[in-house]
Structures are given as C-alpha cells and as structure tokens.
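Data block below; observations after.
The values are calculated or read from the model by the stated rules, or taken from the named source; none is laboratory data. Everything numeric in this text was worked out from a predicted model, so none of it was measured. Reconstructed Cβ throughout: ideal geometry from the backbone, glycine too, with neighbour counts over all protein chains shown.
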Amino acid sequence: MEGLMTIVWMLLGLTVRFGLPILMTVLVIIGLRKLDENWQSTASSPSLAMARVQVENSGCWQSKGCSVEQRQQCAAYNCQEMPCWQVFRDSHGQLKEACLGCEVFRTAPVPV
C-alpha cells in the first residue's frame, strides 16, 4: 500500500511540475492570439483609413504654395501615397527639422 501511495504522489508531483507550466504556456498563447486579432481589427478600422486619406490628400506643397516646377522636383509630391514628412526622413529614421515645424505635420490626425 505504501508503494502505491508513493507512485500516486510521484505522478501528482510530475503533473504539477510539468502540467502547470504547459497549461500556463497554452493560456499565454491563446491570450496573445486574441490580442493580435484585436490589433489587426483595429488597424483595419475605417477611422484609421479615413485618417490616412486625410493625410495623403494634404501635402506641404499646398501650404507652401509651390509652383508646378517645384512640385515636379519634390519627392513628397511624387510619392503621395504616404505623408510628406515620411518621405523626407533621413537614413536613421528621424524627421527633418523643417518638417517638425510644418503646419501640415502639426495638424495631421494622429492614428488611433
């Protein structure tokens, strides 16, 4: 009888030792998947798409009153699918100083 109780306690100990960490890992995976689904549904929401459209339709060339010749030479004007300040980022990803003070940048909607 004592040998049977020893085996039961060993099995219980192994279950706790290995079962609980596996269960916790599975719960974390499920939680992260739900979080990812939530983030993806939020990223494709109409309000964010509307904010992108508003940013794309306004460029610094409009507020600065650039001529047609200047617009043809401008990288931001030729790449209107992204906001103008994104085009002018340097190789380290930082914005130009002129973009930080630009009215187009400062009044752009913040993505939610």
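A few remarks follow.
- The range 75-112: number of residues that are more than 30 Å from Ser41 (Cβ to Cβ), part of a loop (DSSP other than H, G, I, E, B) and not hydroxyl-bearing (Ser, Thr, Tyr): 7
- Residue count for the range 54-74, restricted to those that are part of a helix (DSSP H, G or I), touching a helix residue (DSSP H, G or I) at 6+ places or on another chain (Cβ under 9 Å) and at pLDDT 85 or above: 3
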